[in-house]
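Okay, so here's the structure we're looking at.
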Amino acid sequence: MSLNPFDPSRGWRLPPGTPSLSEVHGSITIPKNLGFFRKLLAFSGPGYLVAVGYMDPGNWATDLAGGSAFGYTLLSVILISNLMAILLQSLCVKLGIVTGRDLAQACRDHYSRPTAVALWLLCEVAICACDLAEVIGSAIALNLLFGIPLVWGVCITALDVLAVMYLQNKGFRYIEALVIALILTIGACFLAEIIYSRPEVAAVLGGFLPRLEVIKDTKMLYVAIGILGATVMPHNLYLHSSIVQTRKYEQTTEGKQEAIKFATIDSSVALMFALFINAAILIVAAATFHARGQHDVAEIQDAYKLLTPMLGVPVASALFALALLASGQNSTLTGTLAGQIVMEGFLNIRLRPWLRRLITRLIAIVPAVIVTALYGETGTAKLLVLSQVILSMQLSFAVIPLIIFTSDRAKMGQFANVAWIKLLAWITAAIIVSLNAKLLLDTFGIKSWLVGMFR
């Protein structure tokens with residue numbers, strides 16, 4: 001029997017077919033005989049597009065809420081979530097490189113049509129929730145910096161689809177360069193904010209140690225799961241498994257092994273940047289608000305208004321808003337790509353690139369416009385945190401198929417997950433599922449109802 005992982009008789013019903021983002025698939029050639037660092041540079045880029053989703057405005061809302069209410073305690077949740085993200089994104093890399101399929105295409109191949117459609121709908125809900133956070137975040141930043149009304153700010157952010165079309169026509173490297181530049185802007189702004197807020201180093205380091213009280217306290221658990229949902233993003237799993245295929249590498253066992261190694265390093269390094277930025281937001285909130293008795297600063301607008309007077313630094317609020325704008329625009333760029341990948345992969349719809357991106361953008365942007373028009377400036381923090389909890393609820397439906405596919409020797413051949421990777425992956429999935437179940441039981445009073453029945 002052939003050892004070719006593309007052979008449908010070895011675990012896949014169908015050939016890989018036309019790849020998602022076909023216009024940039026294999027468009028970046030990896031030259032042979034490069035040294036380690038030059039080859040790493042050639043593979044670097046997709047990881048940073050993925051990392052963007054781990055530092056979007058939804059993270060800001062949950063990190064601000066966690067830092068102001070509970071101090072440094074939830075830094076441990078950010079760390080654990082980031083380690084989970086590194087593991088799961090490495091599985092995405094492996095799936096895309098070995099099989100030539102992204103996660104959406106793999107689901108369409110493996111599951112029945114009704115199941116695949118149901119998974120697509122769940123993913124679209126997650127993308128809408130994610131886009132709600134990104135668009136509202138950008139709109140808030142435009143409002144804070146330039147006084148633009150929120151609804152108009154939401155509409156302006158929709159124009160990112162034009163930027164994606166323009167840059168993608170010039171080459172995928174241009175999109176990667178823009179994303180990395182915006183990440184560096186966010187990082188520089190928050191490095192300055194940390195210096196201004198002067199947090200206690202010992203307290204910060206202690207916050208990275210896990211504590212049982214996070215699970216026992218329902219309010220803390222709600223924010224913690226919001227952080228988990230904001231950190232491990234379901235649509236990023238679909239995105240990453242597709243954009244790693246923008247590199248043109250040797251289609252041999254050795255070539256794929258090398259591609260997996262360098263692409264995994266790329267995503268792991270990029271996610272460490274995301275860890276720094278998420279931790280920085282929570283640290284600034286804890287050092288500035290929690291330490292001064294302000295325990296309910298969850299609104300981004302409130303944080304903006306309070307930073308300068310509390311820190312006594314005139315530019316503190318402006319840097320905060322600038323970083324928020326960079327974060328929101330970065331996230332909408334990658335969200336547009338993810339929406340395109342999900343629609344193409346699950347439904348196998350082939351449309352003209354401009355029409356495809358417009359449809360995927362409208363699916364996400366219309367709910368954001370409606371919600372912003374209804375709620376305005378009031379309650380945006382609650383909406384942002386809720387959007388991240390929705391993402392966390394959907395996460396299981398992306399994580400579990402990913403683990404199943406990459407652990408299946410019939411589908412992956414010799415690249416299937418080894419025992420310890422499989423164990424870590426299933427532990428990660430179990431943590432996600434169990435925390436979500438506990439949140440549902442506590443939030444909707446199901447736990448109290450069950451306890452009352454069996455007394």
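The values are calculated or read from the model by the stated rules, or taken from the named source; none is laboratory data. Since the model is a prediction, treat every value here as computed from it, not as a measurement. Neighbour counts are summed over all protein chains in view; Cβ atoms, including those assigned to glycine, are modelled from backbone coordinates with ideal geometry. Accessible surface is based on the protein model in full, side chains and every heavy atom, while ligands, DNA and RNA are left aside. Shrake-Rupley method; radii C 1.70, N 1.55, O 1.52, S 1.80 Å.
With all projection directions averaged, the alpha carbon convex hull of the chain covers 22.8 nm². Its relative contact order, with pairs defined as Cα atoms under 8 Å and 6+ residues apart, puts the chain at 36 percent.
Summed over the residues of the chain and divided among them, the accessible surface reaches 40 Å² per residue at a probe radius of 1.4 Å. Spacing of the modelled spin labels on Phe146 and Gln301, each 7 Å from Cα toward Cβ, amounts to 1.9 nm. Averaging the Cα positions of each part gives two centres, and for the range 220-288 and the range 60-130 these lie 10 Å apart. The base-10 log of I(q)/I(0) for the range 165-312, evaluated at q = 0.10, 0.16, 0.21 Å⁻¹, reads -0.52, -1.07, -1.44 [Debye formula, identical scatterers on Cα atoms, solvent excluded]. Note the angle between two axes, namely the Cα long axis of helix 380-407 and the longest principal axis of the Cα atoms of the chain, as a number of degrees from 0 to 90, rounded to the nearest 10. So the inclination is approximately 30 degrees. Across every pair of non-identical alpha carbons in the range 35-104, the mean reciprocal distance, once inverted, gives a Kirkwood radius of 14.5 Å.
Between Ala419 and Ala373, the modelled labels are 5.9 nm apart [label points 7 Å from Cα along Cα→Cβ].
For Leu14 and Asp408, the difference between the fully extended length at 0.36 nm per residue and the C-alpha to C-alpha distance is 140.2 nm.
The modelled label-to-label distance between Leu191 and Ser112, using points 7 Å beyond Cα along the C-beta direction, is 5.5 nm. What does the net charge come to around Ser27 if you take all other residues with beta carbon closer than 15 Å to its beta carbon, with K and R at +1 and D and E at -1? Neighbourhood net charge equals +2. Length available on full extension from Ile427 to Lys216: 0.36 nm per residue minus the Cα-Cα distance, which gives 73.9 nm. Using alpha carbons only, how many degrees (0 to 90, rounded to 10) separate the axis of helix 316-347 from the longest principal axis of the chain? The angle comes out at about 30 degrees. Computed over protein heavy atoms with a 1.4 Å probe, the carbon and sulfur contribution to the accessible area of the range 183-332 reaches 65%. Under 1.5 on a/c is rounded, so check that first for the range 261-308, then, if it is not, pick prolate when a/b is larger than b/c and oblate when it is not; a ≥ b ≥ c are the square roots of the alpha carbon gyration tensor eigenvalues. Prolate, because a/c is 1.5 or more and a/b exceeds b/c. Judged by the ratio a/c of the largest to the smallest principal axis of the C-alpha gyration tensor, the range 103-212 counts as oblate, that ratio being 1.5 or greater while a/b is no larger than b/c.
In the calculated pair-distance distribution of the range 6-163, the portion above 19 angstrom amounts to 71 percent of the Cα-Cα pairs.
Estimated purely from DSSP H runs of n ≥ 4, each contributing -39500 (n - 2.57), the mean residue ellipticity at 222 nm for the chain is -25000 deg cm²/dmol once divided by its residues.
Dipole check for the range 189-298: with +1 at the C-beta of Lys and Arg, -1 at the C-beta of Asp and Glu, and the Cα centre as origin, the magnitude is about 80 Debye. Within the shell of other residues whose beta carbon sits under 14 angstrom from the beta carbon of Pro199, the net charge comes to -1, with Lys and Arg scored +1 and Asp and Glu -1. Remark: accessible surface ordering of Arg113, Arg101 (largest first) is Arg113, Arg101, probe radius 1.4 Å. Each of Val24, Phe405, Ile180 was scored by the projection of its Cα onto the charge dipole of the chain, and the greatest displacement toward the positive side belongs to Phe405; charges sit on the C-beta of Lys, Arg, Asp and Glu. Near Leu40: Cβ cut-off under 13 Å, other residues only, Lys/Arg at +1 and Asp/Glu at -1. The net charge is +2. For the range 1-154, the relative contact order is 26 percent, taking Cα pairs closer than 8 Å that sit 6 or more residues apart in sequence and dividing their mean separation by the residue count. Potential lengthening of the chain between Glu254 and Phe208 amounts to 12.7 nm, from the contour at 0.36 nm per residue minus the alpha-carbon distance.
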